[in-house]
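The values are calculated or read from the model by the stated rules, or taken from the named source; none is laboratory data. Bear in mind that the values here come from a model prediction, so they are computed numbers and not experimental data. Cβ placement follows ideal geometry from the backbone for every residue including glycine, while neighbour counts extend to all protein chains displayed.
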Amino acid sequence: MKKRILLVDDSNTVLLMEKMVLDKSIYELTTATDGDEAVRKAIVEQPDLILMDVVMPKMSGFEACRAIRDHRQTHDIPIILVTTRGEAENVEEGYESGCSDYITKPINGPELISKLRYYLGEA
Amino acid sequence: MMSNLLTAGVEEAVLRERVERLESENVRLADRLAEIEQQNVKLANLYVSLLQLHETLDRKVVVRAIKEVIVNLVGSEKMGIFEMTADGEAMRLVDSMGIDAQHYSVIHIGDGGLLGSAAARGELFISPAANDHLTAFIPLRMDGRIIAAIAVFGLLPQKGSLEPVDFELFDLLSTQGAMALYCSSASFRVGHA
């Protein structure tokens, strides 16, 4: 059974790139373009993992992460934050918001795939 | 009994050697897999950039696509996108991120500054060090003439330096970015004629 990943980014470029890099024979991919939509889809779809940008309109990735962690049904879903903000204070805020892991842009493909394998297991 | 022990010893040696060979092959295949995955990402970057540039004739969306490529795929949040003025004497800032837009609003070609000099040369310029002044100048060309340019001022902290895939993205922006901008501008003119 395919693992389901929710991709969250307000950039169509990033969503397209993530969809191209992630093997669709292994993963079932859905998308959201802001934090608000991410929280709603996480509750409804119960993905196996969420890959989420930080700087987004309506609700940031940090805020969405907290909301997802606060919800009983989505509390344990692994969340990997993907962001240009690699400074220590931003990483710390990411972990304080409840993320499971953190990768910086531009995305390193092998690093992303390696983290997905870690959280979702090998195919 | 002695011969049994000898046979067991030989078998163990053969198995040990086979395990070592398999482990070595495993490492080689893992390295090769990482190479292929990296190549896949590179191709994905190029394909996605191309798709984003050409899926619209809306000039604002084309400019936004160029910015997204620089931010998300190259790794910079300090840039300016310029268009050449009709007389070819200057470049006018049409969009920017993370820089003083007022300061860079018009760049006169060959004005002696780093950007003006790069524009005068009209070629791809890459700074020897990823500094804030000018990391890269990417001229966008149509029919051999520069119609626009992208200036990148510094990279994200986690991005140490430009990589081979970035130069391929610059090549792509130089031609396909130019075409996308030109077509979107032409479409705009036709729509408002």
Item to check | Pick from the range A:103-118, criterion among the basic types (Lys, Arg) and free of Cβ contacts under 8 Å to residues at least 40 places away in the same chain, ranking: farthest from the other protein chains (Cβ to nearest Cβ) | outcome: A:115
Checklist entry - How many residues are within 21 Å of residue A:112 (Cβ to Cβ) and either of a type outside the set (A, V, I, L, M) or in contact with a Pro (Cβ under 9 Å, 6 or more places away or on another chain) (or both) when one looks only at the range A:35-52? => result 7
Checklist entry - What number of residues within the range B:50-72 are more than 24 Å from residue A:114 (Cα to Cα) and either touching a Leu at 6+ places or on another chain (Cβ under 9 Å) or facing another protein chain (nearest Cβ under 10 Å) (or both)? => result 15
Item to check | So residue A:121, is it touching a helix residue (DSSP H, G or I) at 6+ places or on another chain (Cβ under 6 Å) and at pLDDT below 90 | outcome: no
Checklist entry - Of the conditions (1) of a type in the set (A, V, I, L, M); (2) touching a helix residue (DSSP H, G or I) at 6+ places or on another chain (Cβ under 6 Å); (3) not in a helix (DSSP H, G or I), residue B:172 fails just one. Which one is it? => result (3)
Checklist entry - Could you count how many residues in the range A:1-34 are part of a loop (DSSP other than H, G, I, E, B), away from chain B (no Cβ under 14 Å) and within 21 Å of residue A:117 (Cβ to Cβ)? => result 2
Checklist entry - Can you tell me which residues in the range A:96-110 are surrounded by 14 or more Cβ atoms within 10 Å (Cβ to Cβ) and not small (Gly, Ala, Ser)? => result A:99, A:101, A:102, A:103, A:104, A:105, A:106, A:107, A:108, A:110
Checklist outcome for this item: If you go through B:96, B:174, B:185, the only one that is over 14 Å from the mean Cα position of the chain (by Cα), over 30 Å from residue A:88 (Cβ atoms) and hydroxyl-bearing (Ser, Thr, Tyr) is B:185
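Quick check on my filter: what residues within the range A:59-93 are away from chain B (no Cβ under 14 Å), more than 19 Å from residue A:3 (Cβ to Cβ) and not basic (Lys, Arg)?
Residues of the range A:59-93 away from chain B (no Cβ under 14 Å): A:59-80, A:92-93.
Narrowing further to those that are more than 19 Å from residue A:3 (Cβ to Cβ): A:59-67, A:69-72, A:92-93.
Listed by number, the residues that qualify are A:59, A:60, A:61, A:62, A:63, A:64, A:65, A:67, A:70, A:71, A:92, A:93.
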Checklist outcome for this item: Selection from the range B:123-141 of residues at pLDDT 90 or above and not aromatic (Phe, Trp, Tyr) yields B:123, B:124, B:126, B:134, B:135, B:136, B:138, B:139, B:140, B:141
Checklist entry - Under 6 Å by Cβ, and 6 or more places apart or on different chains, what pairs join a residue from the range A:56-80 that is over 18 Å from residue A:105 (Cα atoms) with one that is hydrophobic (A, V, I, L, M, F, W, C) and assigned to a loop (DSSP other than H, G, I, E, B)? => result A:65/A:99
Checklist outcome for this item: Here, helices (runs of 4 or more DSSP H) confined to the range A:40-123 with at least 3 residues that are farther than 23 Å from residue B:44 by Cα are A:61-70, A:88-96
